[in-house]
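All remarks here apply to the structure that follows.
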Amino acid sequence: MKILFLVPYPPEVAPSQRFRFEQYFRLLEEEGRNITVRPFISKKTWGYIYKRGYFMRKISGVIWGFI
């Protein structure tokens, strides 16, 4: 069985996401499930999303995530 997770943040960076479902990935894979994670924000965008400035990079990173 294939499972697709559409998530707001990259894996292993946001505690709220980690405690809701990321902690179960290993168990699901052990049961033979194929896990695919597709975040809306890339790791690159995550690196500056909460920093001051980078306005255009933030906008383009979020828009690219929805595309």
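I'm trying to understand the selection: among the residues of region 24-45, which are touching a Pro at 6+ places or on another chain (Cβ under 8 Å) and open to solvent by 80 Å² or more (accessible area, probe 1.4 Å)?
LYS43
Report, by residue number, each residue of region 46-66 that is without any contact (Cβ under 8 Å) to a residue 24 or more places away in the chain and either surrounded by 13 or more Cβ atoms within 10 Å (Cβ to Cβ) or aromatic (Phe, Trp, Tyr) (or both). Break it down into steps so the answer makes sense when it comes.
Initially, region 46-66 is screened for residues without any contact (Cβ under 8 Å) to a residue 24 or more places away in the chain, giving 47-64.
Within region 46-66, GLY47, TYR48, ILE49, TYR50, TYR54, PHE55, ARG57, LYS58, GLY61, VAL62, TRP64 meet the criteria.
The values are calculated or read from the model by the stated rules, or taken from the named source; none is laboratory data. Computed from a predicted model, the values in this text were never measured in an experiment. Here Cβ is always computed from backbone atoms with ideal geometry, including for glycine, and neighbour counts include all displayed protein chains. To get the accessible areas, we keep the full protein, side chains included, count just its heavy atoms, and leave off ligands, DNA and RNA. Shrake-Rupley method; radii C 1.70, N 1.55, O 1.52, S 1.80 Å.
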